[in-house]
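Reviewing the structure listed below.
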Amino acid sequence: MSEIEKNLNYFKKRFPDVYSSYSNYGKTLHENGGPLEEKTRWLIKISVSATESYPYALRTHMKKATESGCSEDEILHAILLIAPTVGFPKMMEALLVFREFFNLEE
């Protein structure tokens, strides 16, 4: 079990009602908030996580994106697209998380 999962499990046990409310809100918004397809929604979440330098959220969103059918190349593209808007260094930080996630050495 990853550190992210351990931390989430701690939160769920400590604050079950808060987690349930938050989870339901996020799920409802993700599924019923508008017309975007699921893959597109996950790619947007990847870009936001990368932009905000949230490595744990970025890993979680990459996992969910791959589960929804996003390819490595689509995820990489979502990360590369942040560079002109938020800067090369933030993109490079996200690229490092991407490479670790997909076990890419080069």
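The values are calculated or read from the model by the stated rules, or taken from the named source; none is laboratory data. All values derive from a computational prediction rather than experimental measurement. Ideal geometry is used to build each Cβ from the backbone, glycine not excepted, and the neighbour counts take in all protein chains shown.
Brief remarks on what is shown
- Residue in the stretch 44-61 that is at positive phi, hydroxyl-bearing (S, T, Y) and exposed (fewer than 15 other Cβ atoms within 10 Å of the Cβ) present: yes
- Test: L95 is surrounded by 16 or more Cβ atoms within 10 Å (Cβ to Cβ), in contact with a helix residue (DSSP H, G or I) (Cβ under 8 Å, 6 or more places away or on another chain) and either within 20 Å of I4 (Cα to Cα) or assigned by TED's automatic domain parsing to the domain that holds E5 (or both): yes
- Among the residues making up the stretch 50-92, those that are farther than 24 Å from M1 by Cβ and either of a type in the set (D, E) or touching a strand residue (DSSP E or B) at 6+ places or on another chain (Cβ under 9 Å) (or both) are E52, E72, D73, E74.
- Those helices (runs of 4 or more DSSP H) of the stretch 1-91 in which 3 or more residues are of a type in the set (K, R) occupy 3-14, 38-51, 55-67.
- Complete set of residues in the stretch 10-36 that are of a type in the set (D, E) and either over 21 Å from E67 (Cβ atoms) or touching a Ser or Thr at 6+ places or on another chain (Cβ under 9 Å) (or both): D17
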